[in-house]
Amino acid sequence: MEQLLTLVCKLNPTPQQVAQIEAILKAFADACNYTNEQVKPHVTSKTTIQNLVYQDVRSLFGLSANLAVRACARVGANRKTAKQKNRPVKFFKPTSADYDARIFAFIEKNWTVSLTLIEGREHIKLDVGNYQRGKLKGSKPTSAQLCKHRDGSYYIHIQIKDEVPEPLKPTNVIGVDFGRRDIAVTSNGDKWDGKQINEIRDRYAKTRASLQQKATKGTRSTRRRARQILQQLSGRERRFQQWLNHQISYRIIQKAKSSSAIVAIENLTGIRERTNQQPRNKVERRRSNSWSFYQLRSFLEYKGIKEGVEVIAVPPAYTSQTCHQCLHIGLRSDKRFKCGNCGWHGDADLNGAKMISLLGQSVSLPGGSGYLCCNLSTDSSGLLQSPALKGWG
């Protein structure tokens, strides 16, 4: 079994190469925009799009044959994604270009990449760490994406195929409850407090609001300095959240691997749309919309594949209100849960995690959970999920 990984590697181009990179990014974006305008919106097949505009794209924008093909494929892929969301493809920015094996090559001997640019083939040095070196050593990647990040630096996103082990035979299920106050709570009792990330988000929000006000008022030098600081702060909050989610997902998957367990999580798709319909103040709306549960879920998924740990999604309805001991609806008050039937009381998120574990057992283990039974299907992303609770044991 193979897993497709994307390695983000920084480039160290010369000033002459920078000019060529800028030119190819602009030409690629212009070709995509031209293709999107010329071809009727309902056409999503890359082959059909290529047949209609290939010659024009090559002659108008100076792209090589394979870059012209990649531009047509980019438009088709974006249209398919937009169609699923019922949105049109509006505009392509000059921030990335797609490469295949004919116009891209990784050279391990001197740690460079060979890319076809506007004026021909260029060898550009890589600035990579030990992780990227370990993954790239001995590999022959066949696809990549040339990107310009927000900080103005240039990167090559290299796709490689990594061998992964066969899924472990599970003996139990670890339930994971996602939340804002506690980012994640497992049925084993592990907990990751969200107080630190909430404080960081609030601090950055106040800082951004202050700087944005100064960037529109005051002297010219004050406005310029405020914009410079805003640019420096850009991405820091996002990178910290990403690092934190990596740490949480790694520990959960390692715990599941050591105990031969499946990881069960809540299927929270669409939760932002539902919660935004409720009346809330501006601060609560910002905190809810910055909740990165989907990123944590995706990290759990790919780390689980890498380690042979299966990750499944269960419906979130009533998991935090149902007692995991007797399966009766109890009373949840803030962080506390109390069952009026059996008398169990304790942390509400821990109870939710244990309930998620029971739902996961009912669809994953040969004998079920002993409490529940339900059908198994997949969600829109292909992740296994239990669509509906069928009965009580």
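Please treat every number below as a calculation from the coordinates, not as lab data. All values derive from a computational prediction rather than experimental measurement. Glycine gets a Cβ as well: all are built from the backbone with ideal geometry, and neighbour counts include every protein chain shown.
Worth a mention:
- Mean residue ellipticity (222 nm) of the chain, computed from DSSP H runs ≥ 4 via -39,500 (n - 2.57), nearest 500: -14000 deg cm²/dmol
- Among (i) 1.02; (ii) 0.95; (iii) 0.98, the entry derived from the coordinates for Rg/Rh (Cα atoms, Kirkwood Rh): (i)
- Under the criterion of Cα pairs below 8 Å and six or more residues apart, the relative contact order for the chain equals 14 percent.
- The residues Ser357, Ser210, Ser292, when put in order of fewest to most other Cβ atoms within 10 Å, stand as Ser210, Ser292, Ser357.
- Extension gain, Arg224 to Trp111: 0.36 nm times the residue separation minus the Cα-Cα distance gives 36.8 nm.
- For the pair Asp127 and Val164, a Förster radius of 25 Å applied to the C-beta separation gives a FRET efficiency near 0.35, rounded to the nearest 0.05.
- Cleavage-rule hits, trypsin sites (Lys or Arg not before Pro), the range 155-243, DSSP coil, Cβ neighbours within 10 Å at most 14: Arg180, Arg181, Lys217
- Computed Kirkwood radius, in angstrom, where 1/r is averaged over Cα pairs of the range 2-163: 16.4 Å
- Gln196/Gln325 FRET efficiency (R0 30 Å; Cβ-Cβ; nearest 0.05): 0.40
- Average Cα contact separation per residue, the range 2-163, under 8 Å, 6 or more apart, as relative contact order %: 34 percent
- For the chain, complete DSSP H runs whose alpha carbons reach 27 Å or more along their own long axis and whose mean Kyte-Doolittle score is -0.5 or higher are 15-38, 65-84.
- Ordering His42, His324, His123, His157 by the number of other Cβ atoms within 10 Å of each residue's own Cβ, fewest first, gives His42, His123, His157, His324.
- Ranking Gly235, Ile124, Ala348 by how far each Cα lies toward the positive end of the dipole of the chain (charges on Cβ) leaves Gly235 at the top.
- Here the dipole of the chain is about 1780 debye; that uses its Cα centre as origin and unit charges on the Cβ of Lys and Arg (positive) and Asp and Glu (negative).
- Calculated FRET efficiency for the pair Lys306/Thr81, C-beta based, R₀ 22 Å, to 0.05: 0.30
- Between Tyr318 and Leu52, the simple label model (points 7 Å from Cα in the Cβ direction) yields a spacing of 5.0 nm.
- Loop trypsin sites (Lys or Arg not before Pro), the range 1-81, which have at most 14 other Cβ atoms in a 10 Å radius of their Cβ (DSSP): none
- Packing-based order for 169-178, 92-101, 132-141, using average beta carbon neighbours within 10 Å, highest first: 169-178, 92-101, 132-141
- Cα shape, the range 201-265, gyration tensor, a/c 1.5 rule: prolate
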